[in-house]
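Take a look at the structure set out below.
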Amino acid sequence: MILFHCFFVEVYSEKRPWGSFEKFNENEQCTVKLLYIKPGSRLSLQYHNNRKEFWKIVKGSGTVEVQNKKSSISEGDNIVIPS
């Protein structure tokens, strides 16, 4: 069986001082974003009352701080930012 599904996705992109991001989907259930972080840059601390975030490190390495605990991260790692 071959399943073929074709659809158009509107991509929103934005440049930031730390790099840029692309947003592929946004709704109440799930938002998909790709973040491109410049070497040596940092993001602000993330906190959300009503949602958690799942991060998948696709390329590169760095340090992440979750609930006051710093950890080294690299390609293939998964991180959950709790609500």
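The values are calculated or read from the model by the stated rules, or taken from the named source; none is laboratory data. Predicted, not measured: the structure shown is a model, and the values here were computed from it.
Couple of notes before you dig in:
- Count of the stretch 1-56 residues which are of a type in the set (Val, Ile, Thr), over 24 Å from Gln67 (Cα atoms) and modelled with pLDDT of 75 or more: 1
- Of all residues in the stretch 39-66, those satisfying the criterion of being of a type in the set (D, E, K, R) and within 14 Å of the chain's Cα centre (by Cα) are Arg42, Arg51, Lys52, Glu53, Lys56, Lys59.
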